[in-house]
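Report on the following structure.
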Protein chains: 2
Amino acid sequence: MSPAGGMPNSFDIARAGALPPELSELIARRGRVLGAGYRLFYDEPVHLVRGQGVHLFDEHGHGDLDAYNNVPCVGHCHPYVADAIAKQVRTLNTNTRYLDEQILDYAERLLATHGDGLRNVIYTCTGSEATDLALRIARYATGARGIVVTSNAYHGVTTAAAEVSPSLGAGAPLGEDVRTVPPPRLGESAKEVGARLAADVRKAIDGLGQQGTRFAAFLADSIFSSDGLRPQPAGFLKPVIEAVHDAGGLYIADEVQSGFARTGEAMWGYQRHGLDPDLATMGKPMGNGIPIAAVAMRPELVAEFGREVRYFNTFGGNSVSIAAAAAVLDVIENERLMEHALSVGGYVRDRLADLAADRPYLEGVRGAGLYLGVDLVDPEKRQPDGELALRVVNELRRRRVLISATGPEGHTLKIRPPLPFARYDGQRLLGELEQVLLAVDAAQTTARGSRQ
Amino acid sequence: MSPAGGMPNSFDIARAGALPPELSELIARRGRVLGAGYRLFYDEPVHLVRGQGVHLFDEHGHGDLDAYNNVPCVGHCHPYVADAIAKQVRTLNTNTRYLDEQILDYAERLLATHGDGLRNVIYTCTGSEATDLALRIARYATGARGIVVTSNAYHGVTTAAAEVSPSLGAGAPLGEDVRTVPPPRLGESAKEVGARLAADVRKAIDGLGQQGTRFAAFLADSIFSSDGLRPQPAGFLKPVIEAVHDAGGLYIADEVQSGFARTGEAMWGYQRHGLDPDLATMGKPMGNGIPIAAVAMRPELVAEFGREVRYFNTFGGNSVSIAAAAAVLDVIENERLMEHALSVGGYVRDRLADLAADRPYLEGVRGAGLYLGVDLVDPEKRQPDGELALRVVNELRRRRVLISATGPEGHTLKIRPPLPFARYDGQRLLGELEQVLLAVDAAQTTARGSRQ
């Protein structure tokens with residue numbers, strides 16, 4: 001089963017009848033009011049009433065280990081962040097057309113974590129809005145329209161963001177001025193990956209030129225999540241961005257997935273590649289779940305756009321979202337979550353490699369910090385096995401460990417917990433995963449036996 | 001001074017030197033980090049540190065009467081809403097890919113306030129995202145691209161929303177598949193306004209057809225805020241929507257301004273016109289400042305889009321935003337804010353009419369509930385006087401009463417307070433306004449004298 005155009009790990013509504021009555025009733029009710037556009041995770045969707053740290057709880061008090069959600073990056077319902085929000089919501093919540101010092105304090109702090117080039121920030125509410133605004137600014141600044149993205153990229157759901165998000169599938173076609181390049185391959189050197197990707201980007205820019213579309217920007221998730229996760233070998237983006245700049249285009253780093261210390265190696269994913277982007281978009285973990293996102297940029301890019309077009313987002317940079325975001329930065333620093341992600345992530349990656357060592361259907365263990373992946377493949381045909389990946393994801397869910405699958409074939413396990421995920425949480429995840437894999441081992445042995 | 005393409009009542013950065021040092025330093029700091037895209041209100045921007053009810057306070061404890069902000073619709077920092085947020089943020093904050101009953105409870109409650117047709121709701125974070133999604137769905141459902149809006153409409157700041165927002169000015173050009181119609185005129189009967197607007201919409205649809213663009217939807221703010229506020233005569237939209245439907249298009253009601261009881265006469269602005277829209281967008285007041293917005297729609301419009309495209313907004317419908325939105329509905333009901341808006345709004349409108357009665361430079365007093373406007377005109381040339389409107393706005397600001405200006409010429413005073421605005425708040429507003437107008441009277445008398 002290929003999820004291309006579909007969504008890996010989405011609940012199939014046709015299976016609702018097989019669920020416990022209270023779940024299937026809730027799902028029917030949901031279908032009636034929320035309609036056809038919504039998806040649930042897992043064969044048996046998870047009903048939640050409480051969250052704490054790296055755990056989510058159902059109405060019977062049963063807890064799931066959350067090894068998936070990056071939005072609550074400092075942990076579900078972190079008391080320090082919750083207190084900051086509770087305090088701000090009782091003090092002031094207003095917009096950016098009045099003067100407010102907190103938004104400036106936060107902007108200065110946030111920009112200090114970026115390189116020297118990105119000295120302006122504009123707040124939005126979602127990563128989609130950040131993508132959309134970055135595209136608007138890049139196109140305005142260059143006077144060009146062409147955008148290059150990777151072939152299973154995801155950058156958001158506004159009209160313009162969906163047009164640069166091939167992972168949404170054929171139902172949401174790419175824009176006429178958008179070209180794709182194949183994502184980095186696994187298992188090659190930085191030099192090989194960089195050279196190929198740079199050549200592909202040059203070819204895409206030429207292709208745009210041949211249809212009369214001038215090149216505006218290369219937009220890439222710094223960790224290539226929806227393309228199947230490509231954290232290594234860090235550095236491969238360098239020659240790609242040189243090619244982008246040589247062609248007169250801008251480089252927009254999408255940090256919605258890789259940002260805010262997730263990779264353990266740097267605050268921002270592009271920094272692992274030794275780069276200075278022209279614009280960077282930030283989102284999901286920024287406010288630990290309170291809607292806030294942003295675009296950072298070189299000031300000269302926004303000077304004319306700002307003067308001639310302006311940008312006002314009513315809720316963008318509202319006082320409560322800023323208070324949440326500032327508290328998140330505090331916790332990342334105070335709890336040393338970047339170092340923590342590096343250490344625990346490294347441990348989980350090593351143990352994953354151990355699990356994969358003698359299992360021919362598991363390959364490509366990879367990760368940076370607490371963003372980890374491993375591929376499920378058919379051991380004989382050496383082809384992606386998205387169905388097996390889903391079975392593993394759903395078996396883990398039954399064992400109360402939440403992960404998901406990603407990639408164009410949906411065959412990559414996606415492990416991306418809140419950053420306070422501890423070594424013993426990793427041990428639990430790996431122990432349950434081992435149990436699931438032992439059952440897969442047994443099934444594969446039986447299958448091989450019956451074929452011989 | 002015409003603000004067309006500019007923004008009525010925006011602070012001119014060139015004047016920063018004339019401000020008190022602490023303000024000008026804050027503004028300089030803001031310019032350095034937030035960049036050129038941001039605007040402040042007023043000749044002397046307002047520095048805020050606290051909000052409560054209908055008042056906003058600066059760092060010295062001085063309070064402004066807020067007769068402008070509709071986002072904090074139940075009042076700044078309403079304790080009931082703040083408590084609901086504080087509780088939820090400590091309990092659970094998750095997304096729509098897990099089952100959660102609160103989002104369904106709220107959806108059912110929200111949809112019950114709409115007509116029978118709108119039976120599905122999709123949550124976004126901002127009104128811009130709601131517009132963008134409504135356009136995506138309308139275009140997908142009709143297979144057509146053409147959109148008709150009014151000539152100074154504002155519907156948002158995503159790429160697609162900006163393309164249907166002529167009020168953003170020439171810097172943000174309209175989309176190729178977008179046509180505009182003149183807004184309703186003041187002072188005509190519902191029949192006259194409706195007939196003219198319907199004819200203009202038909203002409204715009206024909207114009208689209210002549211360029212080979214099929215008509216998808218008519219999108220209109222139900223109270224025509226940025227077009228200069230056109231609350232009366234309610235009912236004029238009916239023949240317009242008949243024309244839209246006759247041409248095979250959809251009607252998208254933009255309720256970001258007129259929704260959530262603001263008009264005092266109905267929960268939604270379209271209900272005042274006796275209509276059933278095909279889609280309705282909701283935003284600003286929905287969560288009293290916590291980012292939440294939505295699109296309600298006829299289920300058949302989203303069935304195929306939902307199946308083939310899907311829609312996931314990470315923060316859209318998150319638990320905290322839903323808790324805030326549910327608390328807002330509670331307060332609107334418990335404090336009977338719709339009835340209150342009707343009564344206080346009616347009082348303010350009558351007193352505004354008294355103030356205008358013997359002042360030839362004030363005309364067109366209008367409003368519905370707590371959304372009120374009056375035009376400033378040159379009494380001899382009978383032309384819009386945006387400069388005078390700004391002077392009034394800034395004089396009121398100096399007297400610690402916050403309103404703003406709107407309309408294509410910026411000559412309409414925009415009075416749109418939080419809904420708990422009391423009769424004595426109205427009296428204060430009107431009393432200060434009268435003082436400002438007495439000074440205008442004196443100046444005009446002097447000017448007339450010197451010309452004679």
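Worth pointing out:
- Candidate set: region B:103-151, residues that are facing another protein chain (nearest Cβ under 7 Å) and surrounded by fewer than 24 Cβ atoms within 10 Å (Cβ to Cβ); chosen: the one nearest to A:V157 (Cα to Cα): B:R136
- Checked against the criteria, B:L118 counts as in contact with a Lys or Arg (Cβ under 7 Å, 6 or more places away or on another chain), assigned to a loop (DSSP other than H, G, I, E, B), closer than 30 Å to B:A216 by Cβ and hydrophobic (A, V, I, L, M, F, W, C).
- Yes/no for A:A294 being within 23 Å of A:G115 (Cβ to Cβ), within 14 Å of chain B (Cβ to nearest Cβ) and of a type outside the set (V, I, T): yes
- Any hit, region B:242-254, residues being free of Cβ contacts under 8 Å to residues at least 24 places away in the same chain, more than 14 Å from the chain's Cα centre (by Cα), more than 30 Å from B:S319 (Cβ to Cβ) and not in a loop (DSSP other than H, G, I, E, B): yes
- Whichever residue in region B:268-279 is in a loop (DSSP other than H, G, I, E, B) and in contact with a helix residue (DSSP H, G or I) (Cβ under 7 Å, 6 or more places away or on another chain) and, among such residues, is surrounded by the fewest Cβ atoms within 10 Å (Cβ to Cβ): B:G274
- Scanning region A:302-333 for residues that are hydroxyl-bearing (S, T, Y) and part of a helix (DSSP H, G or I), we see that the one that is nearest to the chain's Cα centre (by Cα) is A:S321.
- Check on A:G228, out of contact with any strand residue (DSSP E or B) (no Cβ under 6 Å at 6 or more places or on another chain) and either more than 10 Å from chain B (Cβ to nearest Cβ) or outside any helix (DSSP H, G or I) (or both): no
- Checking A:A296, A:A220, A:A261 one by one, the residue that is closer than 27 Å to A:S404 by Cα, assigned to a strand (DSSP E or B) and touching a residue at least 12 places away in the same chain (Cβ under 8 Å) is A:A220 and no other.
- With respect to the conditions (1) surrounded by 22 or more Cβ atoms within 10 Å (Cβ to Cβ); (2) more than 14 Å from chain B (Cβ to nearest Cβ), A:P285 lacks only one, and its number is (2).
- Consider region B:358-379 and keep the residues that are of a type outside the set (A, V, I, L, M, F, W, C) and over 30 Å from B:R336 (Cβ atoms). The one that is surrounded by the fewest Cβ atoms within 10 Å (Cβ to Cβ) is B:D358.
- Cβ-Cβ under 6 Å pairs, at least 6 apart or on other chains, region B:348-364 side assigned by TED's automatic domain parsing to the domain that holds B:P420, far side among the hydrophobic types (A, V, I, L, M, F, W, C) and in a helix (DSSP H, G or I): B:R351/B:L430; B:L362/B:A356
- Residue within region A:75-91 that is in contact with a Leu (Cβ under 6 Å, 6 or more places away or on another chain) and of a type in the set (A, V, I, L, M, F, W, C) present: no
- Evaluation of A:G187 against the conditions (1) part of a loop (DSSP other than H, G, I, E, B); (2) modelled with pLDDT of 95 or more; (3) over 23 Å from A:D276 (Cβ atoms) shows that the sole unmet condition is (2).
- Any hit, region A:6-27, residues being of a type in the set (A, V, I, L, M, F, W, C), within 22 Å of A:G407 (Cα to Cα), more than 21 Å from the chain's Cα centre (by Cα) and surrounded by fewer than 20 Cβ atoms within 10 Å (Cβ to Cβ): no
- Taken together, A:R307, A:R351 contain a single residue that is among the basic types (K, R) and either in contact with a Leu (Cβ under 8 Å, 6 or more places away or on another chain) or crowded, with 20+ Cβ neighbours inside 10 Å (or both), which is A:R351.
- Taken together, the criteria exclude A:D43 from residues that are buried (at least 24 other Cβ atoms within 10 Å of the Cβ) and outside the structural domain of A:F305 (by TED's automatic domain parsing).
- A:A368 in the same structural domain as A:L342 (by TED's automatic domain parsing), within 15 Å of the chain's Cα centre (by Cα) and more than 29 Å from A:H62 (Cβ to Cβ): yes
- Whichever residue in region B:380-419 is in contact with a Phe, Trp or Tyr (Cβ under 8 Å, 6 or more places away or on another chain) and part of a helix (DSSP H, G or I) and, among such residues, is surrounded by the fewest Cβ atoms within 10 Å (Cβ to Cβ): B:N394
- Scope region B:49-70; condition among the aliphatic types (A, V, I, L, M) and surrounded by fewer than 21 Cβ atoms within 10 Å (Cβ to Cβ); matching residues: B:V49
- Which numbered condition B:D200 fails, given (1) part of a loop (DSSP other than H, G, I, E, B); (2) of a type in the set (D, E); (3) surrounded by 17 or more Cβ atoms within 10 Å (Cβ to Cβ): (1)
- Test result for A:V328, crowded, with 24+ Cβ neighbours inside 10 Å, assigned by TED's automatic domain parsing to the domain that holds A:L133, hydrophobic (A, V, I, L, M, F, W, C) and closer than 19 Å to A:F421 by Cβ: yes
- Strands (runs of 3 or more DSSP E) completely within region A:18-100 that count 2 or more residues being more than 9 Å from chain B (Cβ to nearest Cβ) and over 30 Å from B:Y42 (Cα atoms): A:63-66
- Filter result for the condition that a residue is closer than 19 Å to A:E242 by Cβ, crowded, with 19+ Cβ neighbours inside 10 Å and free of Cβ contacts under 8 Å to residues at least 40 places away in the same chain, over A:V181, A:V157: A:V181
The values are calculated or read from the model by the stated rules, or taken from the named source; none is laboratory data. Keep in mind it's a predicted model, so treat the numbers as computed, not measured. All Cβ positions, glycine included, derive from the backbone under ideal geometry; neighbour counts span all protein chains shown.
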